[in-house]
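Notes follow the structure.
No lab work stands behind these numbers, since they all come straight from the coordinates. The model shown is predicted, which means the values in this text are computed figures rather than measured ones. FYI the Cβ positions are ideal-geometry reconstructions off the backbone, even for glycines, and counts take in every protein chain you see.
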Amino acid sequence: MAKIAESTKTARLDRILLLLKRAPNGLTEHEIADELGLDRRGVNNYLHELEAKGYIYKDNICWYLVPYQPAIPRKLDLEPEQAVVLYLALRLFVKQSDRRVETAETLLYKLANILSEDLNLSQDIVQVAKTLSHQPHSPDHEDVLKKIAQAYIYRRQVKILYHPYRGEPFETILSSYLIEPASLGFATYVIGLSSLVGAIRTYKIERIQHAQILFHHEYAIPDDFPGLDLLTNAWSIYYGEQTTRVVLRFHPDVTRRVLETNWRTSTDTSWDETYPGYLRLTFEVADTTDLKPWIRTWGANCEVLEPPELRDEMTGEVRKLARLYGWELSQSGKPDHRKFKDIFGA
């Protein structure tokens with residue numbers, strides 16, 4: 001089969017769009033092929049190309065024109081220092097991504113091409129894109145991420161099939177209010193109104209098994225939705241109106257590292273009066289779920305003082321670790337040195 005000219009292909013794509021524009025009730029692939037006098041195979045390719053570009057969508061057996069025009073961002077005019085900031089943001093995105101996202105790869109190559117003439121960042125950005133390309137490919141995840149992003153941009157509801165960490169998969173229709181990355185678990189979350197409970201819920205995008213944009217179901221984000229202020233009392237992603245007071249004590253070996261960081265939540269630091277050289281970090285947090293992994297990263301250099309239930313939970317983990325490594329603890333929480341001698345011969 002001879003290859004058609006690019007101009008002919010463009011004309012056919014335009015004709016399909018014009019045809020669907022006059023058919024609010026949609027048309028099947030067979031009807032489109034008959035109307036335009038083209039073979040089904042070629043029409044099928046054209047339809048999927050237009051779908052990938054965001055111009056049309058398929059519902060059951062019919063094709064429809066998307067009820068909005070895909071947005072085209074204005075030209076980005078960057079100062080050199082701003083380009084470096086954008087590079088750092090993209091670098092963080094790639095570090096966080098535990099799977100391949102070709103949409104991001106394309107963006108990186110476009111950015112490298114733009115910056116190649118004026119700045120010396122082109123090769124660095126290409127290297128970032130290559131790093132992302134080596135991540136495991138997950139077409140389903142990329143499709144979900146793309147649809148969640150489109151639904152959020154164009155304010156369309158999206159039907160999702162969600163598989164929670166515990167429990168069976170369920171369906172809900174979501175009006176997306178906020179998309180937020182989190183360092184915990186290299187994850188991205190979407191926050192919005194769930195039809196299942198009639199309230200705002202947070203869903204981890206990596207746990208969404210399927211997403212379908214409801215193109216004719218438009219929504220508006222309420223004026224009283226606080227946006228990023230919703231996460232003011234969150235350590236990372238788990239938010240709430242009620243907060244818990246947390247007090248941590250840090251070993252002198254790490255106090256400088258603690259002091260040189262401005263933590264996300266409002267924190268207060270003070271030197272411990274009982275243990276010279278030790279530092280106390282006090283703050284209010286809505287939920288300790290995503291705080292606990294951060295506490296664990298400090299190992300024995302961080303001790304939970306408050307709240308009691310968090311301290312008890314971390315103590316329980318220490319006991320489990322002690323048993324895991326064959327070092328038993330007495331009921332007082334102190335090491336059993338007799339067991340220690342049996343294991344290490346000390």
Original post:
Roughly what would the spin-label model give for ALA322 and TRP298, points 7 Å off Cα along C-beta, in nm?
Top reply: 2.1
Subject >> Sequence ranges 38-51, 215-228, 149-162, ranked by mean other-Cβ count within 10 angstrom, highest first >> reply: 149-162, 38-51, 215-228
**OP:** Report the calculated FRET efficiency for GLU6 and ASP253 (r = Cβ-Cβ distance, R0 = 56 Å), to the nearest 0.05.
**Re:** 0.30
Original post:
Considering the Cα trace of the chain, what is its radius of gyration and what is Dmax, both in angstroms?
Top reply: 26.9, 88
Subject >> By average C-beta atoms within 10 angstrom, highest first, the peptides 24-31, 270-277, 79-86, 243-250 >> reply: 243-250, 24-31, 79-86, 270-277
Original post:
Can you give me the relative contact order of the stretch 188-249 as a percent, contacts being Cα pairs under 8 Å and 6 or more apart?
Top reply: 18
**OP:** Against the globular-protein guess of 2.2 N^0.38 Å, express the Cα radius of gyration of the stretch 139-231 as a ratio, rounded to two decimals.
**Re:** 1.01
Original post:
Taking the alpha carbon gyration tensor of the stretch 244-339, what are the square roots of 5 times its eigenvalues, largest first, to the nearest whole Å?
Top reply: 25, 16, 12
Original post:
Cα extents of the stretch 6-65 along the three principal axes, largest first, in whole Å?
Top reply: 29, 23, 20
**OP:** Any of LYS95/LYS159; LYS292/LYS320; LYS3/LYS110; LYS130/LYS292; LYS3/LYS58 with alpha carbons more than 23 Å apart? Name them for me.
**Re:** LYS95/LYS159; LYS3/LYS110; LYS130/LYS292; LYS3/LYS58
Subject >> Mean separation of Cα contacts under 8 Å, 6 or more apart, over the residue count of the chain: relative contact order % >> reply: 9
**OP:** Using only the Cα atoms, work out Rg/Rh for the stretch 64-168, with Rh taken as the Kirkwood radius, to two decimals.
**Re:** 1.04
**OP:** Note the full-extension length gain between ASP39 and ILE179 as 0.36 nm times their separation in residues minus their Cα-Cα distance, in nm to one decimal.
**Re:** 46.2 nm
Original post:
What distance in nm separates the simple spin-label points at HIS30 and GLN96, each placed 7 Å from Cα in the Cβ direction?
Top reply: 4.7
